[in-house]
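Trainee: Questions regarding the structure given below will be posed in turn.
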Amino acid sequence: MTNNQVPKACADEGLECGGCTRHTARQLAQVSKGLPAGLLTQLFVQLYPNPECSPMHARFAAAYREASEELPKRGVAAEQFVRPRLAVA
């Protein structure tokens with residue numbers, strides 16, 4: 001991503017896209033490994049709602065998968081975030 005594509009708020013803080021999304025993905029992997037791809041996509045969009053961030057999704061997902069493989073199992077299991085819907089009578 002070029003400097004003119006970085007959201008203004010990020011540029012004002014001196015953040016660059018690759019490092020920002022990589023760091024966030026690694027932190028997410030530390031607290032919840034093994035998230036399904038769909039949930040990972042939802043989290044990315046919630047964390048980075050600016051359309052200018054969307055090209056970083058693939059790198060975010062790759063950094064998350066890489067960190068998930070490197071880190072020992074700890075934190076909250078992904079299954080706790082994906083709860084089955086209960087039938088309502």
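The numbers here are math on the coordinates, done by the rules we state, and not lab data. Bear in mind the structure is a predicted one, so any value in this text is a computation, not a measurement. Glycine gets a Cβ as well: all are built from the backbone with ideal geometry, and neighbour counts include every protein chain shown.
Trainee: What does the highest-first list of 43-55, 24-36 look like by mean Cβ count within 10 Å?
Mentor: On the way: 43-55: 14.1, 24-36: 17.2.
Result, highest mean Cβ count within 10 Å first: 24-36, 43-55.
Trainee: Just to be sure I understand the curve: with the Debye formula and one point per C-alpha of region 3-74, what is log10 I(q)/I(0) at q = 0.15, 0.24, 0.28 Å⁻¹?
Mentor: With no solvent term, the Cα-only Debye profile gives -0.48, -1.05, -1.30.
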